[in-house]
Amino acid sequence: QAQFVESGGGLVQPGGSLRLSCVVSADSFNTHVMAWYRQDPGRQRELVASITIEGNTNYADSVKGRFAISRDNAKNTLYLQMNSLKYEDTNVYFCNIDPPVRAFWGQGTQVTVSS
């Protein structure tokens, strides 16, 4: 079974940047649309950004122009460059395929935006 391991989160001031990474331990990485999600407590996970195998991207309106998703198919790795971070970006970020599979949810990586 595939494992999705997120990293790169941390504490950053408003306006700062972070780069998240997600390593997928499965050859099927190269056959799926990949995505980043985040979840507020008590709410459904929100799709933040997705990227097709060919590199076509899609973003939630709240992050357009600030976040950039990318993938390295040779390394089975998904990235999320987060710039101009805002307080409301504070959350746990997860990677999964799109649409997500329950069995693929990992532990996520915490992003905290605070002064």
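The values are calculated or read from the model by the stated rules, or taken from the named source; none is laboratory data. Computed from a predicted structure; not experimentally measured. Neighbour counts are summed over all protein chains in view; Cβ atoms, including those assigned to glycine, are modelled from backbone coordinates with ideal geometry. For the accessible areas, the whole protein counts, side chains as well, though only heavy atoms, and no ligand, DNA or RNA atoms are used. Shrake-Rupley method; radii C 1.70, N 1.55, O 1.52, S 1.80 Å.
Taking the charge dipole of the chain about its Cα centre, with +1 at Lys and Arg Cβ atoms and -1 at Asp and Glu Cβ atoms, the residue from G108, T90, L47 reaching farthest to the positive side is T90. Using the Cβ of N83 as centre and a radius below 11 Å, the other residues enclosed give a net charge of +2, where K and R count +1 and D and E count -1.
Fully extending the segment from D40 to S114, taken as 0.36 nm per residue of separation minus the present Cα-Cα distance, adds 25.0 nm.
Here the range 26-115 is treated with +1 on each Lys and Arg Cβ and -1 on each Asp and Glu Cβ, and its dipole about the Cα centre works out to around 120 debye.
Provide the gained length on full extension for the span L11 to E88, in nm with one decimal, where the gain is 0.36 nm per separating residue minus the Cα-Cα distance.
Difference between extended and current length: 26.4 nm.
Net charge in the neighbourhood of N73 (other residues with Cβ under 14 Å of its Cβ; Lys, Arg +1, Asp, Glu -1) is -1.
Given the Cα-Cα distance of K64 and R19 and 0.36 nm per residue of separation, how much length would full extension add, in nm?
Extending this stretch completely gives an extra 14.6 nm.
Relative to the Cα centre, the charge distribution of the range 42-91, modelled as +1 at Lys and Arg Cβ and -1 at Asp and Glu Cβ, gives a dipole magnitude of about 80 debye.
Spin-label model, V101/N73: points 7 Å from Cα along the beta carbon direction are separated by 1.8 nm. As a fraction of the 1.4 Å probe accessible area of the chain, surface on carbon and sulfur atoms comes out at 47 percent.
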